[in-house]
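I have placed the structure first, in the form of C-alpha coordinates, so that the comments after it can refer back to it.
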Amino acid sequence: MLQIQTMYADGTLGNHGLLAQLATLTTGVFNYIRPPHAAPYRLAGTLGAVHDYLYPPASPEQLAAQANDSLLAFMVQAPGFNSEKFNHG
(Lines give C-alpha, C1' and ligand atoms only; values in the text may rest on other atoms or scores of the structure.)
Protein backbone atom coordinates (compact mmCIF):
# COMPACT_ATOMS: atom_id res chain seq x y z
CA MET A 1 0.00 0.00 0.00
CA LEU A 2 2.87 2.38 0.79
CA GLN A 3 4.32 1.88 -2.70
CA ILE A 4 0.94 2.62 -4.28
CA GLN A 5 0.64 5.81 -2.23
CA THR A 6 4.14 6.88 -3.26
CA MET A 7 3.48 6.16 -6.94
CA TYR A 8 0.24 8.12 -6.77
CA ALA A 9 1.87 11.12 -5.08
CA ASP A 10 4.86 11.13 -7.45
CA GLY A 11 3.05 10.38 -10.67
CA THR A 12 -0.51 11.63 -10.54
CA LEU A 13 -0.05 14.71 -8.40
CA GLY A 14 3.51 15.37 -9.52
CA ASN A 15 5.04 16.13 -6.13
CA HIS A 16 8.41 14.74 -7.21
CA GLY A 17 8.75 17.02 -10.21
CA LEU A 18 7.20 19.97 -8.42
CA LEU A 19 9.66 19.75 -5.53
CA ALA A 20 12.63 19.36 -7.85
CA GLN A 21 11.68 22.33 -10.05
CA LEU A 22 10.80 24.69 -7.21
CA ALA A 23 13.98 23.85 -5.30
CA THR A 24 16.12 24.35 -8.41
CA LEU A 25 14.46 27.69 -9.11
CA THR A 26 14.80 28.82 -5.49
CA THR A 27 18.47 27.84 -5.35
CA GLY A 28 19.15 29.64 -8.61
CA VAL A 29 17.46 32.84 -7.44
CA PHE A 30 19.27 32.77 -4.09
CA ASN A 31 22.61 32.28 -5.87
CA TYR A 32 21.79 35.17 -8.21
CA ILE A 33 21.12 37.63 -5.37
CA ARG A 34 23.82 36.47 -2.94
CA PRO A 35 26.84 38.72 -2.26
CA PRO A 36 29.84 38.09 -4.57
CA HIS A 37 32.10 36.48 -1.96
CA ALA A 38 29.44 34.53 -0.07
CA ALA A 39 29.28 30.74 -0.26
CA PRO A 40 26.89 29.52 -2.97
CA TYR A 41 23.60 27.92 -2.03
CA ARG A 42 23.36 24.18 -2.71
CA LEU A 43 20.32 22.25 -3.89
CA ALA A 44 20.74 19.84 -0.97
CA GLY A 45 20.47 22.75 1.47
CA THR A 46 17.36 24.10 -0.19
CA LEU A 47 15.61 20.73 -0.24
CA GLY A 48 16.74 19.63 3.21
CA ALA A 49 15.54 16.17 4.19
CA VAL A 50 13.75 15.67 0.87
CA HIS A 51 17.03 15.73 -1.11
CA ASP A 52 17.81 12.03 -0.54
CA TYR A 53 14.25 11.13 -1.54
CA LEU A 54 14.49 12.97 -4.85
CA TYR A 55 18.14 12.17 -5.58
CA PRO A 56 19.15 8.89 -3.90
CA PRO A 57 22.81 8.83 -2.82
CA ALA A 58 25.16 6.88 -5.07
CA SER A 59 26.41 3.50 -3.91
CA PRO A 60 30.15 3.04 -3.20
CA GLU A 61 30.44 1.04 -6.44
CA GLN A 62 28.88 3.88 -8.47
CA LEU A 63 31.20 6.42 -6.85
CA ALA A 64 34.25 4.27 -7.64
CA ALA A 65 33.14 3.86 -11.27
CA GLN A 66 32.67 7.64 -11.61
CA ALA A 67 36.14 8.26 -10.17
CA ASN A 68 37.70 5.74 -12.57
CA ASP A 69 35.93 7.33 -15.55
CA SER A 70 37.10 10.80 -14.50
CA LEU A 71 40.69 9.62 -14.12
CA LEU A 72 40.62 7.95 -17.54
CA ALA A 73 39.18 11.10 -19.15
CA PHE A 74 41.96 13.14 -17.55
CA MET A 75 44.71 10.72 -18.62
CA VAL A 76 43.51 10.58 -22.25
CA GLN A 77 44.23 14.31 -22.55
CA ALA A 78 47.91 13.89 -21.55
CA PRO A 79 50.46 14.31 -24.35
CA GLY A 80 51.78 10.96 -25.54
CA PHE A 81 48.99 8.95 -23.87
CA ASN A 82 49.14 5.28 -24.81
CA SER A 83 45.93 3.35 -24.09
CA GLU A 84 47.75 0.01 -24.32
CA LYS A 85 49.29 0.67 -20.88
CA PHE A 86 45.86 0.77 -19.23
CA ASN A 87 43.21 -1.88 -18.83
CA HIS A 88 39.99 0.11 -19.17
CA GLY A 89 37.78 -2.53 -20.74
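The values are calculated or read from the model by the stated rules, or taken from the named source; none is laboratory data. Fair warning: this is a prediction, and the values are worked out from it, not measured in the lab. Remember, those area values only see protein heavy atoms, side chains included, never the ligands or the DNA or RNA. Shrake-Rupley method; radii C 1.70, N 1.55, O 1.52, S 1.80 Å.
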key: Sequence-separation-based contact order of the chain, relative, with Cα cut under 8 Å and 6+ spacing, percent   = 16
query = Could you work out the helix-only [θ] at 222 nm for the chain, with each DSSP H run of four or more residues adding -39,500 (n - 2.57) and the total divided by the number of residues, to the nearest 500 deg cm²/dmol?
reply = -17000 deg cm²/dmol
remark   = SASA check, L63, accessible area w/ 1.4 Å probe, all protein chains in place, rounded to nearest 10 Å², comes out at 90
request  = Would you mind telling me the share, in percent, of accessible area of the chain contributed by carbon and sulfur at probe 1.4 angstrom?
outcome  = 63
message = Let me check I have the definition right: for the stretch 19-75, take the eigenvalues of the Cα gyration tensor, multiply each by 5, take square roots. What are those semi-axes in whole Å, largest first?
response = 28, 18, 9
query = On average, how much accessible surface per residue is there in the stretch 21-75, in Å², for a 1.4 Å probe, leaving out ligands, DNA and RNA?
reply = 79
